[in-house]
1. Please report how far the C-alpha centroid of segment B:90-108 lies from that of segment B:269-306, rounded to the nearest whole angstrom.
2. Let's see if you can work this out: charge +1 on each Lys and Arg Cβ, -1 on each Asp and Glu Cβ, no other charges. What is the dipole magnitude of chain A about its Cα centre, in debye to the nearest 20?
3. Can you pull the Kirkwood radius for segment B:77-216, inverse mean 1/r over Cα pairs, to one decimal in Å?
4. Sort shortest first the distances from B:GLY272 to its counterpart in every other copy, using label points 7 Å along the Cα-to-beta-carbon line, and give them in nm.
5. Order by neighbour count: B:VAL148, A:VAL75, A:VAL50, B:VAL259, fewest other Cβ atoms within 10 Å first, most last.
6. Relative contact order (percent) for segment B:196-275, with alpha-carbon contacts under 8 angstrom and 6 or more residues of separation?
7. Looking at the axis that maps chain B onto chain A, which chain B residue has the closest Cβ, and how far off is it in Å, rounded to a whole number?
8. With r defined as the distance between the Cβ atoms of B:GLU65 and A:GLU240 and R0 fixed at 51 Å, what FRET efficiency is calculated, to the nearest 0.05?
Protein chains: 2
Amino acid sequence: MNTAPRNVDRRSFVKGLSTGIAAFSAASAFPSLARGASASSPKKLGIALVGLGNYSTKQLAPALEEATDCYLAGVVTGTKSKEAVWREKYGIKRSNIYNYENYDSIASNPDIDIVYVVLPNSMHAEYSIRAANAGKHVICEKPMAMNVAECEAMIAACKKNNVQLSIGYRLHFDPNTREIMKVAKEKPYGDIQYVQSEASFIMGNNLDAWRLDRELAGGGAVMDMGVYCIQAARYATGEEPIAIRSQEFKTDWNKFKNVDETVTFQMEFPSGAYSNSTTSYNIRSNRLYVSYSKGLAQLEPATKYGGIKGSIQDRILDPQPINQQRRQMDGFARSVKTGTPSIVPGEEGLADMKVIEALYKSLQQGGKRVVI
Amino acid sequence: MNTAPRNVDRRSFVKGLSTGIAAFSAASAFPSLARGASASSPKKLGIALVGLGNYSTKQLAPALEEATDCYLAGVVTGTKSKEAVWREKYGIKRSNIYNYENYDSIASNPDIDIVYVVLPNSMHAEYSIRAANAGKHVICEKPMAMNVAECEAMIAACKKNNVQLSIGYRLHFDPNTREIMKVAKEKPYGDIQYVQSEASFIMGNNLDAWRLDRELAGGGAVMDMGVYCIQAARYATGEEPIAIRSQEFKTDWNKFKNVDETVTFQMEFPSGAYSNSTTSYNIRSNRLYVSYSKGLAQLEPATKYGGIKGSIQDRILDPQPINQQRRQMDGFARSVKTGTPSIVPGEEGLADMKVIEALYKSLQQGGKRVVI
């Protein structure tokens with residue numbers, strides 16, 4: 001009698017094992033199942049960027065030029081005119097340029113190890129799942145998807161296909177942000193009592209218009225910037241919020257007709273810590289402030305591409321001369337190579353999406369406390 | 001026929017005139033009615049401190065030693081043992097030491113021009129009104145009183161007696177705080193869009209215990225520190241809030257059994273500006289942050305006795321080497337001498353109390369938006 005689970009049952013077996021440690025799923029339980037180069041391979045993994053908007057153009061592609069463990073192998077774009085531009089600028093093979101019709105055929109392309117989904121939010125789930133079904137490892141930009149159900153479907157699809165899934169949480173690769181996480185874990189300044197997290201900017205008229213379309217974005221400032229506030233409160237406490245209350249304010253009813261302009265929200269954590277946050281598309285604020293029972297920490301700016309700076313008690317955290325996106329993509333490439341789980345797996349995005357769903361529910365209920 | 005209002009009608013006549021400009025009441029309409037020395041007098045006005053707790057002992061009395069327009073002429077205390085200590089330390093005449101039984105006889109003491117009420121909140125209204133009835137000008141510590149009705153009674157009593165009333169809002173006399181007020185008035189950086197104001201401290205066990213007694217304090221962190229947040233949002237916008245939502249959090253149900261430990265609240269202003277605040281007796285935070293349509297300002301610390309520092313855009317606001325309490329008391333003494341209204345009249349405290357009442361109403365209604 002064969003006591004080892006058969007292939008068809010392996011996923012449910014893993015699922016049973018991974019209860020409570022969802023972040024460490026198939027890839028770590030069965031490293032040999034993880035596709036991609038082996039740990040000892042010096043090969044750079046090939047990344048295909050799906051969607052060539054601002055973030056791909058101005059951040060990810062330049063970052064990949066500096067990367068050590070991956071490179072820009074391909075792109076997926078619906079804009080014909082961009083093909084030649086990207087081919088020439090980054091020396092991408094003609095056969096590694098895809099559009100949304102032939103996207104699934106990426107499955108047979110050995111140059112592409114990782115697909116990075118940088119599309120409008122409404123397309124995150126579909127294109128991540130199709131990438132997984134094509135046998136490619138996946139990085140998906142934040143917010144992970146439109147809702148919890150989509151996040152769960154993405155995680156399931158990646159498990160099913162034995163590929164890794166990671167969310168574009170670049171700040172987990174920033175050394176100063178990691179210092180804040182370390183304090184949450186080691187508690188040298190006592191209990192974490194309070195987190196103030198702010199992530200806002202004044203949206204000009206030159207940004208991707210889809211961000212102002214609820215059908216494509218799923219929401220406004222909350223989906224785009226509020227995620228940073230939620231992330232910050234989660235990593236500054238090292239805990240998952242158990243309840244949330246939220247409030248909405250709007251001044252420009254034309255520009256922000258269908259999406260939230262400004263939202264404030266408060267979260268409660270199991271230890272008794274709580275947070276207060278503001279996120280907006282129409283003000284400037286970018287800060288993480290933590291009050292410990294025996295100390296203080298702050299990062300300001302807390303989410304800027306150019307560098308995070310701040311202090312923990314008297315210790316100054318100078319901005320680190322690193323490219324956050326490069327470190328993030330190299331980090332994921334190494335996870336894939338070594339078959340170790342990403343430090344920002346799909347479960348990290350799912351946790352944030354659970355908070356976002358509760359946040360919107362609280363808004364709908366006029367600010368009532370909603371248990372997460 | 002006499003068309004001028006007779007003495008007995010003068011107050012109602014003034015009341016009619018002052019609708020909408022309540023801050024500029026009897027004293028300015030009829031400067032000759034204001035008691036105290038004349039504008040040209042070099043005489044220092046005599047101040048009597050009512051209540052010799054921490055604030056009188058550690059801040060006000062030392063500040064009065066440096067004052068140019070007033071001096072510590074007397075004290076009112078219920079603690080017999082303090083009488084000799086204060087008499088000796090500050091050279092106070094024996095006849096200028098009062099207790100709560102003979103307090104009203106202060107009326108016949110020409111040494112006392114101003115009574116400064118530094119008692120627990122529940123006693124503010126009574127002792128301010130009795131001072132006014134004794135013909136003395138009044139400074140009352142913040143929060144002005146327990147509720148709006150008490151504030152209105154205090155204002156009425158001072159008008160009736162033709163004495164000035166001022167609230168202990170020392171920050172209006174701080175040069176850096178005044179820079180923030182100036183930006184709100186002159187708007188060099190466009191509209192005021194957002195204010196984050198935070199005023200919290202971790203309450204030890206050595207503070208006046210009355211602060212934890214709702215009967216005496218009227219509330220917890222909101223009454224003591226939340227007032228700073230409300231003040232800051234009001235002077236950073238130069239507007240009166242029109243609506244508020246508030247949320248309460250508690251971790252220490254023993255220590256803060258009857259009073260609020262931590263409260264967050266959001267206010268809306270007529271121009272479209274809004275604010276988010278945290279006030280607490282159990283965390284550390286002390287900041288004013290303002291986002292303008294074309295700029296930023298911040299003060300941190302924003303309420304510290306030792307000095308306020310910050311920046312407005314690229315301009316650094318260094319802490320000013322001033323004693324806030326000295327400037328506040330000298331400023332009021334000059335207002336009395338010249339018969340000009342205080343820059344922090346009773347109406348300023350009343351405005352904050354209207355917000356506080358709405359804040360507590362919102363808390364009672366589970367965070368619902370309450371129109372102020």
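Please treat every number below as a calculation from the coordinates, not as lab data. Fair warning: this is a prediction, and the values are worked out from it, not measured in the lab. Cβ atoms come from the backbone with ideal geometry, glycine included; neighbour counts cover every protein chain shown.
1. Each part reduced to its Cα centre gives a spacing of 41 Å.
2. Working: 45 positive and 38 negative charges, 113 e Å.
Rounded to the nearest 20 debye, it is 540 debye.
3. Working: mean 1/r = 0.0561 Å⁻¹.
For segment B:77-216, the Kirkwood estimate is 17.8 Å.
4. Output for B:GLY272: 4.3 nm, nearest copy listed first.
5. Numbers: B:VAL148 17, A:VAL75 25, A:VAL50 28, B:VAL259 21.
Taking fewest neighbouring Cβ atoms as first place, the list is B:VAL148, B:VAL259, A:VAL75, A:VAL50.
6. Reported relative contact order: 31 percent.
7. That would be B:GLY367, 2, residue then distance in Å.
8. Working: r = 54 Å, r/R0 = 1.06.
E(calc), rounded to 0.05, equals 0.40.
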